[in-house]
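The values are calculated or read from the model by the stated rules, or taken from the named source; none is laboratory data. Just so you know, these numbers come straight off a predicted model, no measurement behind them. Neighbour counts are summed over all protein chains in view; Cβ atoms, including those assigned to glycine, are modelled from backbone coordinates with ideal geometry. All accessible areas refer to the heavy atoms of the entire protein, side chains included, with ligands and DNA or RNA removed. Shrake-Rupley method; radii C 1.70, N 1.55, O 1.52, S 1.80 Å.
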Amino acid sequence: MDINFEHPALLTLLFIIPIFWGLSTLAIGRLPLWRIFSSNFFRGLVLALLILSLAGLSRVEKRPGESSLVFCVDVSDSINPENKNLVMNSITTIDKELGEKVKRGLVVFGKDAQVIAPVEERLKPENMHWEVDTSRTNIASGLLSCMNIFPKDSKKKLLLFTDGNENMGSGLQAAKILEKQGIEVYAMELPPPPEVKEVYIKNLMVPKEVAQGEAFGARSTVENKGVAPSKGTLKLYEGDKLIKEWETNFSPGLNTFDLSYDNPKRGFLQFRAVLEAESDTNPENNLQEAFVNVRGKPRILYVQSNPYLNRKPFLVTALEGKDVEVEIRNAEDMPRTLQELLGYECIIFSNVPATALSQEQMEFLKTYVADFGGGFVMLGGELSLAQGGYADTVVEEILPVKVTAGSTFWEEKPKRVAIILLIDKSGSMSGTKLFATKKAAIELMMQLKSEDLMGVIAFDVIPYDIVELLPVKDLRSSIVSKLTRLNAGGGTDIFPAMKEAYKKLLESGAQVSHVVLLSDGNTRSVYYSYESLMEMFKQASISVSTIAIGGWLVNTRLLKDIARRTRGEFYTLDNYKELPKLIITDTAKVLTKADFHEEQFIPRLDPNSEILKSISQEQIPPLKGYSLTIPKPTAEVSLVADIRGVEDPVLANWRYGLGKAVVYTSDAEARWSSQWINWNMYNKFWSQTIHWAMRDIPRGEYALEIEESEGKPYLMIEAGAEVASNEFDRLQLRLLSPGLEAHEVNLRQVAPRRFIANLEGYPPGSYTVDISTFKGDKLVDHATKGLLLPPQARPLPVESLSQGNNRELLETVTKLTHGKLNPGPEDLRQGTGEIEKREDLSKFLIPLAMGLFLIDIAIRRIGIV
């Protein structure tokens, strides 16, 4: 039996006992001498016993005993299958070589540990199966689990099989605990794993927000985890458009690819980086996406139902230069998704029938206005409102008026009208002149009713029927193709063409007949031959208006005389772009003379109108028609018509949900508004109307950020400093998902102007974010932004980030615990014949010290010896 101290340095404290005696003698000097010596003796013993206890006095008894060896095996994902098989074969071999004096146990570990076999005589192969989380390496959990299964009275050895690449816990701290328990740790290095061949996109970085037209950079980072270059291709897309492709060898480590993106359009830009590489084992991490919000001019969508209209609508022209962008689409190209609608601040319908829209498109339009604050403007026309089939539809719900049934619009019943356009196609009419006349022919047709007659005759020295004199309804689908046959060439003779036009109009039986002649007036026929022809036109009440084209070469005398003698109008044209408007002006005069809209009316203006500020009643020109509607109770009616004895709305507006809607029951073209398109306030009128209807401009900025916490995505939203927190008491957030469903998201306020939303369960993809702030029930501010919710992070598994063995950790652990790295069979069998049994003697010393202390008290107080 041996005596041992766990902390022998503390024995130096014994030298303070004589000092303690001297001080104690001075303190109790009044007592008899024998009592002083007795008290000091017992006090010295008490102090000595306490110091021995602190020094860890123990009794060590060595005796023959058994030895225990526990196999501690790393089964995490960083250990490849070949090495796992090698470890199990090594355990089987060592188990056979140990002999009967050594007991064995088995513990496996990954993220956690599991005891497979407690310490026993031999390992049982049938128990070699386990269920542990292998996504991490936690060496500490394995070592501590082994410590708990060792028998108390045995020589304790632990054989560790691992690569040492821990990513949880601390194996070194666990080894310190094992060393105090007398457990020797031995470790076996594993063969290095095969080279990893993996190339993946680490990230795609773009700014979250830029201004329209501002160039910005997009950076893609590709990481090659291998040791050799890998050939491959990186492609960068904006939406579905490929904007850059790099074919290269990806060097080991990080590879960056930069692109400057110029002149982005307003809206939401989605970028996508796609990787294809030869040395790649995980295709799931070969895609990255990013999103950019582009601030800029408001966008307006103008939807029309006139596919043959090959010029800009007059309303669109009026908005040019008004800090807006206008996109024109035909009705069949109307957006079919809510997300596409949200790219515009206002939607304008011009003479669009309800049959051109699906029920789903109507529902999207309603959601766009009511829930996302969009603007909607509906213009009247022969295919709009009631005559367009909008009664009792979803679109009618949005409008500030009720669409009526029965008599759907007012206009004076017209007489039958026939108009022929005579076009000089001689060589002098080539180029822009001829192109302008084709556009004029289409404008002419648009002013006429379906039953009116129209024809086009081209001429050089002889006339050619380009468009036969037919009802307009029969020409709408074919006029453009017929006009393509019109080509310049040849001489000029007006007489035969006028005679042919006279013949056709006389046979038509129309109550009103009119000819528009476009020519330079240079004709082969002598002047006096036109005298009788002009008289024939006059007697038949066929008016002829002449438009002089050709500059200083024009024969103005003949053209003026033809117009004057037939009660037509003479015009000179310097800018060919003005020809369509000139045709509209002339035709409007003819139709007025023909009592087409004999009772023209001037709409009456509400002087308190919010939309029509700075426009007075005296400035309003007359209209020729409008669709009949009934204003809804809360609508603001800015223009009314009272020619029927009631006030019919011409211009009405209201707020619908978060958005605004406007209806203009007349049209914005020449059919009913021929005098408006030449009105000097036309641009101002429509600019103010459309700007009122547009989605409100956000008062503040709203920063969006996706953050991940504990594997869950969170949306952080922060209102800018310009939005005072006391201006609103509620913030509402809606997400429009890729599946076209709008979700209201629950928000939690975490700081002034700062909110957080849990997006767990939302699928990855691009979203439109609708932000609204309220004070009570009043809308304070509204903004729409784009957001990309990335797929769940797909980085390389943690276990694949480290390669080879962490030899430094294995050496440190084995030296600390008096073990060995890569031991042989003899190392594992040594020391099995004798074990040490240590007994802590402080359990005796402290009670003895307490007893002696009581005796000391008795001597000093009572006098007992």
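Here are some notes:
- Rounded tilt (10° steps) of 432-447 against the dominant C-alpha axis of the chain: 90 degrees
- Mean projected area of the convex hull spanned by the Cα atoms of the range 87-158, taken over all viewing directions: 4.9 nm².
- Gain on full extension, evaluated as 0.36 nm per residue between ARG485 and ARG329 minus their Cα-Cα distance, stands at 53.5 nm.
- Label-point gap, in nm, between MET205 and HIS743 - each point 7 angstrom along Cα→Cβ: 3.0 nm
- For the chain, the average shadow cast by the Cα convex hull is 62.2 nm², which is a quarter of the hull's surface.
- Cα-projected label distance for LYS402 with GLU647, points at 7 Å along beta-carbon direction, nm: 1.7 nm
- Extension gain for the segment ASP153 to ALA9, taken as residue separation times 0.36 nm less the Cα-Cα distance, is 49.0 nm to one decimal.
- Degrees between helix 81-97 axis and first principal axis of the chain (Cα, 0 to 90, nearest 10): 10 degrees
- Principal-axis tilt of helix 33-54 within the chain, Cα atoms, nearest 10 degrees: 50 degrees
- Listed values for the range 100-115 are Karplus-derived 3J(HN,Hα) couplings in whole Hz (6.51 cos²θ - 1.76 cosθ + 1.60, θ = phi - 60°), namely 8, 7, 10, 8, 10, x, 9, 10, 10, 8, x, 6, 10, 10, 9, 7, and x replaces Gly and Pro.
- From the C-alpha gyration tensor of the range 156-197, square roots of 5λ in Å: 26, 13, 4
- Dimensions (Å) - the range 529-666, Cα atoms, principal axes, largest first: 68, 33, 25
- The accessible surface of the chain, taken with every protein chain in place and a 1.4 Å probe, is 51 percent carbon and sulfur.
- Extension gain, LYS180-PHE435: 0.36 nm per intervening residue step, less the Cα-Cα distance, totals 81.8 nm.
- LEU13 sits with roughly 70 Å² accessible to a 1.4 Å probe, with DNA, RNA and ligands left out of the calculation.
- J(HN,Hα) series, the range 159-165, from Karplus relation 6.51 cos²θ - 1.76 cosθ + 1.60, nearest Hz, glycine and proline x: 10, 9, 10, 6, 8, x, 8
- Remark: the range 592-681 is approximated by an ellipsoid whose semi-axes, taken from the C-alpha gyration tensor as √(5λ), come to 23, 15, 12 Å, largest first.
- Sites ASN249 and LEU506, calculated FRET efficiency, Cβ-Cβ separation with R0 60 Å, nearest 0.05: 0.10
- Listed residues TRP246, TRP686 arranged by accessible area, highest first, probe 1.4 Å: TRP246, TRP686
- Counting only protein heavy atoms and using a 1.4 Å probe, the accessible area of ARG416 comes to about 80 Å².
- Across q = 0.10, 0.18, 0.21 Å⁻¹, the range 168-263 modelled as identical point scatterers on its alpha-carbon atoms has Debye log10 I(q)/I(0) values of -0.52, -0.91, -1.07, in the order of the q list.
- Largest accessible area first, the listed residues ARG43, ARG219, ARG524 line up as ARG524, ARG219, ARG43 when surface is computed with a 1.4 Å probe on the assembled protein chains.
- Normalised Debye scattering of the range 463-503 at q = 0.15, 0.17, 0.29, 0.32 Å⁻¹ gives log10 I(q)/I(0) of -0.47, -0.58, -1.05, -1.10, counting only Cα atoms as equal scatterers and leaving out solvent.
- Surface per residue (accessible, 1.4 Å probe) for the range 528-571, Å²: 50 Å²
- Heavy-atom accessible area with a 1.4 Å probe sorts ASP777, ASP729, largest first, into ASP777, ASP729.
- A 1.4 Å probe, protein heavy atoms only, puts the accessible area of THR523 near 30 Å².
- When +1 charges are put on Lys and Arg Cβ atoms and -1 charges on Asp and Glu Cβ atoms, the dipole computed for the chain relative to its Cα centre reaches about 1380 debye.
- The phi torsions of the range 476-481, fed into the Karplus equation with coefficients 6.51, -1.76 and 1.60 and a -60° offset, translate into couplings of 4, 8, 10, 5, 5, 5 Hz, rounded to whole numbers, with Gly and Pro shown as x.
- Placed amide H near TRP676: partners under 5 Å, 5+ positions off or other chain: none
- MRE, 222 nm, helices only [DSSP H, n ≥ 4, -39500 (n - 2.57), over the chain, to nearest 500]: -7500 deg cm²/dmol
- A Förster radius of 60 Å combined with the Cβ-Cβ distance from VAL227 to SER58 puts the calculated FRET efficiency at roughly 0.65.
- Among VAL324, THR281, TYR344 - extreme Cα towards positive end, dipole of the chain, charges at beta-carbon: VAL324
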